[in-house]
Amino acid sequence: MPRFIVVEDDHLQEAPLQDYLTSVFPDSTVETISTEEDFRLAMPAMRANIPDLVVLDVMLRWSFPRPNPPKPPKDVLSGGYYRAGLRCAQLLQEDALLRDVPVVLYTILELNDLLRDGQQLPPNSTYVGKNSELDVLVRHIRGVLRKKSRTK
Amino acid sequence: MIMMAAAHAVQQLTRVALNQDRPGTIEDLIEVVARSTESQGAVLWEAPDESQGDNTLSVVALWIDIPAPIRTRAVPADPITELSFATRSLAVPDNLAEMNPTIFSHPVNAALPINYNDGGHGVLSLLGADGFSAAAFETTVELVEILPDLCSAVRERQTLALVNACNSILHDADVESPGRPLSRERLGDHLSKVCNEVARALRCADVSIYLREPTDRASGYRRLSTSSGTAPGTWEFKGEPVDLVRSGLAPGSEPLMEVRLRHGGTVHGLLRCQGSTGPPHHFTTSDLAMLFPIAAQLGRYWRGWLQKRDIQDENAAWRGLAAGMTSLNKLLAQNLGREVRSGTDDQQVSEVAAEIIRQVVPESTGATVFRFPAEADIDSTLVPVALAGQEYRHDSASSASALTALRTGLQQHITDPEALAADELTPEVGWLLCTPIHIGEQRYGVLETVGQNARPPANSAQVHKIIADQIGLYNRLQDTLGHLYDVRQRLEIARRTEADAMEDLKHQLVSPLRTAASRAEFVLVGRRFDARAESQLKAIRGLCRKASRVAMSAGVFATLSQGGQPEPKLELFGRDDLLRTLIGVADDIQVLGDPRREIYFDVDRDSIRQLGRRLVQIDASFLQQCIGNVLDNAAKYAYTRTRVKIEARISPKTVAIVVTSTGLPMTKEDIAQCLQRNWRGDTARSTTGEGSGLGLWIVDNLMHAMSGRVVIRADFDQTRVSLVLPLT
């Protein structure tokens with residue numbers, strides 16, 4: 001029973017994606033996270049219950065507005081909103097327990113835009129463009145899961 | 001017979017005087033006279049101070065058969081000799097028999113007056129116990145006739161020999177070090193030989209050479225060489241020298257001659273002869289005349305030596321400068337090659353420059369580089385950034401001369417002791433050189449150097465100028481590079497901002513279309529039109545409108561980026577049109593909003609109906625775009641569980657569509673800048689992070705295109721955006 005985590009800040013995209021994944025992988029559980037801040041807060045829980053795959057949007061807001069919010073960490077302030085998903089993938093990669101969790105960067109950005117300024121995809125991550133249909137994403141997820149089960 | 005003896009004596013005397021192999025001396029002449037007159041001895045006298053009324057006679061030369069030590073002792077004239085001098089005629093003892101006159105215990109036979117060629121007078125005394133024969137008298141008269149001429153000839157030959165000897169010594173000095181000047185010590189050794197030659201020729205007890213360097217601050221002349229063997233440099237001649245001679249016959253005085261060493265109108269020193277190892281035991285103007293050619297030789301040689309040394313120092317300075325500049329340039333290249341300027345870069349450069357000055361101008365005792373702070377007042381104090389050598393200023397923080405150099409852009413060269421003292425310099429400082437560091441009108445600082453001599457070395461002004469120019473050039477390059485780096489950084493930021501904006505636009509455009517497509521897929525798969533399908537279709541409509549707004553934003557962005565202005569298609573809008581537009585846009589935003597955040601958009605219909613029959617001239621798509629962007633912002637930055645109020649405020653000439661929301665606070669600075677392109681508030685940037693910074697800029701431009709304006713007010717977390725349009 002695969003366990004997916006979808007990190008997507010646009011609720012209009014999040015719901016259809018969650019619905020589609022649930023319909024394609026009927027046994028799966030899909031948890032959604034809407035902001036980078038929530039993703040960081042969810043990391044201890046992820047360590048306790050390691051997901052099979054994480055689908056990560058790249059342009060991801062840090063948090064929703066609220067009164068007197070705490071200041072974001074320095075790397076968020078300097079790195080900004082446009083590559084937040086890459087930062088999340090990197091955090092997983094640097095975590096001893098979570099570094100083997102496959103990450104699919106699912107983004108509207110073209111791959112060459114994503115890798116501008118010499119950035120690299122973390123080793124745990126692969127890329128799927130949002131321009132394609134959802135079944136392209138699903139086929140990619142299946143491939144990643146198969147590869148993962150073979151290496152176990 | 002007598003005539004032949006006299007002729008023979010004259011011949012002999014002339015031969016001695018003009019001997020080519022061995023130049024004769026006056027003693028030799030006197031010996032010939034003595035022998036020719038069969039005397040036991042002869043003494044030649046003169047009255048050196050006769051012109052001053054003093055007729056004291058002093059021995060010029062003598063020949064007498066007595067031990068040398070006694071012969072060299074000064075002796076007073078005997079009465080016969082004095083009588084002859086006084087009467088200017090022959091005097092013999094018969095005249096004063098009772099006095100029994102002697103010289104060195106030898107009886108005086110006769111004394112004959114002598115008229116020297118230089119106008120002086122003297123006496124020739126002949127000694128002997130056997131009386132003075134007629135033949136001897138005749139011979140003596142003949143010899144005395146030619147003796148002055150021969151004495152002059154001997155003196156001239158002695159002078160020539162002395163000049164030749166000195167020439168030879170100075171030539172040896174040149175040969176010893178042909179390419180460059182002798183060391184001062186070796187020069188002193190050679191000049192001591194000259195002193196010895198002069199001392200020997202004139203029978204002086206001491207001959208010394210005193211010299212002064214052109215750069216010496218002291219007014220005196222230091223002794224470089226001496227014939228007496230005392231250490232040079234331990235004596236100093238104070239005051240200005242003159243050419244003088246003192247016979248030394250006055251009681252308590254000793255013979256003295258001083259001749260200036262001159263060249264080209266400049267007095268470089270003096271040649272001083274003092275004391276006598278005689279005879280003679282006095283000096284005369286003839287002796288002084290003998291010194292003039294030697295003094296001229298020495299003056300010329302010293303000047304030549306100074307020139308050689310200056311050239312050598314100058315060459316060494318240029319070589320040192322070339323080496324120093326190479327190391328300085330290496331450092332400059334290193335500093336200029338770094339994109340990030342270190343705070344210590346300039347100081348390091350200044351320290352190296354000051355050190356180069358100290359090495360290239362060895363006479364300098366201290367060098368300081370002052371920096372003129374950018375944007376500082378021209379009259380403000382310069383900042384010392386590097387000092388090499390000794391401290392030389394009572395107050396190191398200020399330099400009036402350096403400020404003058406900075407102000408005028410001209411090198412300041414100060415040697416006046418009063419001016420130096422006024423500039424707070426310590427008393428040891430003899431010269432001050434302040435060189436402005438500037439390129440054109442741009443001033444960077446001043447390079448200041450001091451030394452203890454009377455004036456700086458000849459080429460130091462040029463050396464300072466070259467180094468100051470180099471530092472100036474470095475500063476200019478630093479400024480230029482700094483400016484280029486800033487421009488590059490700004491361009492890089494602009495490029496990134498543009499790229500971010502493009503990505504955001506793409507995100508905003510593609511995401512709703514992608515979502516709309518997915519939702520349409522669900523409706524189609526469901527194959528029935530129920531409440532859920534209706535909700536999906538409303539969302540699809542909202543998404544498409546949003547995509548349309550974003551596409552239009554992209555178009556406006558492109559127009560504005562090319563320097564154009566959006567062209568409105570104006571039409572008249574009444575209250576119903578306005579109400580419909582506001583409700584439509586608010587509905588779309590509401591439908592697309594995240595229901596979990598519970599942000600609600602309320603349109604105050606009554607406020608809009610207040611418009612009555614008045615009309616507003618607008619471009620409908622522009623207005624939709626403006627309201628949509630403002631409400632999008634409200635949805636993005638409003639707190640959870642808040643309401644966004646949309647209302648109209650009507651004045652006699654305008655209608656304002658006012659959107660009030662509660663969310664991230666805007667500061668006064670935010671409000672002042674939020675209509676600028678690519679502006680994003682710090683709070684918004686650090687909280688949600690999203691946004692391109694184009695939305696309000698586009699709204700502002702579209703409102704202007706419709707002759708309207710945007711007004712933003714904020715009261716802590718309450719933000720009110722008013723879109724003000726003129727009523728027709």
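The values are calculated or read from the model by the stated rules, or taken from the named source; none is laboratory data. Just so you know, these numbers come straight off a predicted model, no measurement behind them. Heads up, the Cβs are rebuilt from the backbone with ideal geometry, glycines too, and the neighbour counts pull from every protein chain shown.
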- Residue list for the stretch A:56-69, filter: in contact with a Ser or Thr (Cβ under 9 Å, 6 or more places away or on another chain) and either in contact (Cβ under 8 Å) with a residue 12 or more places away in the chain or more than 7 Å from chain B (Cβ to nearest Cβ) (or both): A:Leu56, A:Asp57, A:Val58, A:Met59, A:Leu60, A:Arg61, A:Trp62, A:Ser63, A:Phe64
- Query: Pick from B:Gln274, B:Gln312, B:Gln334, B:Gln347: which is under 22 Å from B:Ser58 (Cβ atoms), out of contact with any helix residue (DSSP H, G or I) (no Cβ under 8 Å at 6 or more places or on another chain) and either of a type outside the set (A, V, I, L, M, F, W, C) or assigned by TED's automatic domain parsing to the domain that holds B:Gln478 (or both)?
  - Reply: B:Gln274
- Message: Among the residues of the stretch A:129-144, are any more than 14 Å from every other protein chain (Cβ to nearest Cβ), crowded, with 20+ Cβ neighbours inside 10 Å, in contact with a helix residue (DSSP H, G or I) (Cβ under 7 Å, 6 or more places away or on another chain) and not in a helix (DSSP H, G or I)?
- Response: no
- Query: Just one of B:Val175, B:Val207, B:Val163 is over 17 Å from B:Val59 (Cα atoms), surrounded by 21 or more Cβ atoms within 10 Å (Cβ to Cβ), within 46 Å of the chain's Cα centre (by Cα) and not acidic (Asp, Glu); which is it?
  - Reply: B:Val207
- Just one listed residue, out of B:Asp486, B:Asp469, is more than 14 Å from chain A (Cβ to nearest Cβ), of a type in the set (Asp, Glu) and exposed (fewer than 12 other Cβ atoms within 10 Å of the Cβ), and it is B:Asp486
- Looking only at the stretch B:702-724, decide whether some residue is more than 17 Å from B:Leu631 (Cβ to Cβ), touching a helix residue (DSSP H, G or I) at 6+ places or on another chain (Cβ under 7 Å) and without any contact (Cβ under 8 Å) to a residue 12 or more places away in the chain. no
- the stretch A:14-47, residues that are touching a residue at least 24 places away in the same chain (Cβ under 8 Å) and facing chain B (nearest Cβ under 9 Å): A:Pro16, A:Leu17, A:Tyr20, A:Ser34, A:Thr35, A:Glu36
- So which residues in the stretch B:186-205 are farther than 24 Å from B:Glu156 by Cβ and not in a strand (DSSP E or B)? B:Arg186, B:Leu187, B:Gly188, B:Asp189, B:His190, B:Leu191, B:Ser192
- Residues being in contact (Cβ under 8 Å) with a residue 12 or more places away in the chain and assigned to a loop (DSSP other than H, G, I, E, B): count how many of those fall in the stretch B:320-361. 3
- Message: If I ask for residues that are surrounded by 19 or more Cβ atoms within 10 Å (Cβ to Cβ) and not in a strand (DSSP E or B), which ones from the stretch B:98-115 would you list?
- Response: B:Pro101
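Yes/no matrix, rows are residues, columns are (1) of a type in the set (Lys, Arg); (2) touching a Phe, Trp or Tyr at 6+ places or on another chain (Cβ under 6 Å); (3) surrounded by 16 or more Cβ atoms within 10 Å (Cβ to Cβ); (4) more than 14 Å from chain A (Cβ to nearest Cβ):
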residue	(1), (2), (3), (4)
B:Asp632	no, no, yes, no
B:Tyr637	no, no, yes, no
B:Thr640	no, no, no, no
B:Val644	no, yes, yes, no
B:Pro652	no, no, no, yes
B:Gly663	no, yes, yes, no
B:Leu702	no, yes, yes, yes
- Query: Limited to the stretch B:515-574, what total is found for residues that are in the same structural domain as B:Gly691 (by TED's automatic domain parsing), free of Cβ contacts under 8 Å to residues at least 60 places away in the same chain and aliphatic (A, V, I, L, M)?
  - Reply: 0
- Task: Among residues belonging to the stretch B:399-437 that are part of a helix (DSSP H, G or I) and of a type in the set (Gly, Ala, Ser), point out the one that is surrounded by the most Cβ atoms within 10 Å (Cβ to Cβ).
- Result: B:Ala405
- Would it be correct to say that B:Ile599 is over 16 Å from B:Val658 (Cα atoms), assigned by TED's automatic domain parsing to the domain that holds B:Asn701 and either among the aliphatic types (A, V, I, L, M) or in contact with a Cys (Cβ under 9 Å, 6 or more places away or on another chain) (or both)? yes
- Message: of a type in the set (D, E, K, R), part of a helix (DSSP H, G or I) and within 16 Å of the chain's Cα centre (by Cα): is that true of B:Asp469 in this structure?
- Response: yes
- Item | Near pairs, Cβ below 6 angstrom, 6+ apart or cross-chain, from the stretch B:665-692 (more than 22 Å from A:Ser34 (Cα to Cα)) to any residue that is surrounded by fewer than 19 Cβ atoms within 10 Å (Cβ to Cβ) and of a type in the set (S, T, N, Q) | B:Asn678/B:Thr497; B:Trp679/B:Gln673
- State the number of residues belonging to the stretch B:494-511 that are modelled with pLDDT of 80 or more and within 12 Å of another protein chain (Cβ to nearest Cβ). 1
